[in-house]
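Here the structure is laid out as structure tokens; the discussion comes afterwards.
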Amino acid sequence: MHGAVDVLVVGAGPTGLALACDLARRGVRTHVVEAGERLFGGSRGKSLQPRTQEALDDLGVMAELRAAGGPFPPMQTWRQGRRDGTWRLLEQDPEAPASRYSEPWLVPQWRTQEILRDRLLALGGTLEYGTRLTTLHQTGRHVLAELTDAGGGRRTLTVPYLVGCDGGHSTVRETLGIAMKGGEGDLHPAVVADVRVRDLDRDHWHIWLDDPDRRGVGSLLLCPLPGTDAFQLNARADDEGRDLTPDAVRRLIATRTHVPADAVTEVLWHSYYQPRTALAERFRDGRVFLAGDCAHAHPPGGGQGLNISVQDAYNLGWKLGQVVRHHAPEALLDSYEAERRPAAAHVLELSSRLYRTGRSPEGGSEKARHRGRLTHLLSVHYRESALSTETRERLSDTAVQAGDRAPDLPCVTEDGSSLLLHELLRGPHFTLLAVDRTPPRVPSDVVTHRLTGGEAAERLGAGLFLIRPDGHIGLATEDPAHLDRYLTKVGLTH
């Protein structure tokens, strides 16, 4: 780490690294501290949903993640050691908002983190391992963060802002005294592990369903992890699961499947966990923010935890950038909690429901369509946010409005270029779309495009649309006078 720091990020998981990348590309001096001696080494959050892929594309890492991952394989049911049919856990939702990323993408979490780390370092951000936050104090202008390294050495770092991305047992949250509302409820404990298994095909996600002769403990799944020779194990845990060892993982597989223990050639990582649903009572305390798992705890149903966490980062990054680099009003930062806490609360309910539903072929494609329709996150909107200004009148119920994600549909620009709308939005800037209008003069930090045709223009309708850096429509208007007022609110003036 060299020089001053604008934002200290605590925790180098997907949330912290995505946030740090977004800040660094905006010229915000960003430093990440990670308590571990290295990045987390397990596959835990392996599903990248379509909306998350859009965010990661904007951060410049999606091409590498596509190369590192693959689509979800079909489910292979096993009964009494024999194959008993294949089926799809997820099916594309024909009514989903248009996106170039039409399906979830399977990438082990450790690989996602490596790619984000490399991107952060290339952007000039810094990352420090073996360093944990001990405590913090705030003044009216700074956060004083006491850091302790692996050797016990301590130092205090003074920064304008700090973001806790340090997981479910967050030191940042506990130091601030922010309570988590919720609890374990009736969600059953589970075991997750990364294992190498001999003589099991890698073309399917293998599932052994609940068998009454096995004490009704529950199903066991082995999912091949792209780019590796490993599988991710997921299994409902019994009372013995708390004392988990590599040999216990082998016995678990041998007990509930036809795979013998000696076919599990290596247990790379393993964890016992008690899922819970919980939501922090607030996401901000002065100059300190909570993001990701330290702000909301999700069960793994539906693959939402990592995704909603990366969306936190994508929402907060541009707002901190506007305040730090463009001297936007501090009130802009209030919109982070106002927008993200309701979104997290909705996803918590969804994750719990899908976790209880489990994964089984019963219900067939209807259940698969239902799951896919709920989890893509493309429909999340901020219509009720103070940052969403809609001045057009007599809109239909299906109209795209301020607060919505801008639709990634084909468009035609003034010079005759035909492309998808999100290609115009990619980058850390605000974008003004003038649909069948002459664009007004705007600050140089705003990129302007005049749309003359295409599906995107048809969906938006005539008018002026200021698109936030996270792809949501901030302002939709027919009157250029509204534009200056909005730009002032986000720190952009002539």
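The values are calculated or read from the model by the stated rules, or taken from the named source; none is laboratory data. Nothing here was measured: the structure is a model prediction, and the numbers come from that model. Quick reminder, even Gly has a Cβ in these numbers, built from the backbone with ideal geometry, and neighbours come from all protein chains shown.
Listing for the model above:
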{"read-out": "Members of segment 268-320 found to be polar (S, T, N, Q) and closer than 22 Å to ARG468 by Cβ, listed by number", "value": "ASN307, SER309, GLN311, ASN315"}
{"read-out": "All strands (runs of 3 or more DSSP E) inside segment 221-282 with 3 or more residues being crowded, with 22+ Cβ neighbours inside 10 Å", "value": "231-236"}
{"read-out": "Which numbered condition ALA68 misses (of (1) under 16 Å from the mean Cα position of the chain (by Cα); (2) at pLDDT 95 or above)", "value": "(1)"}
{"read-out": "The listed residue being modelled with pLDDT under 95 and in contact with a Gly (Cβ under 8 Å, 6 or more places away or on another chain), out of ARG468, ARG394, ARG437, ARG405", "value": "ARG437"}
{"read-out": "Residue match in segment 143-166 (condition: of a type in the set (D, E, K, R), surrounded by 21 or more Cβ atoms within 10 Å (Cβ to Cβ) and part of a helix (DSSP H, G or I))", "value": "no"}
{"read-out": "Tally, over segment 32-54, of residues that are crowded, with 24+ Cβ neighbours inside 10 Å and over 30 Å from TRP87 (Cβ atoms)", "value": "3"}
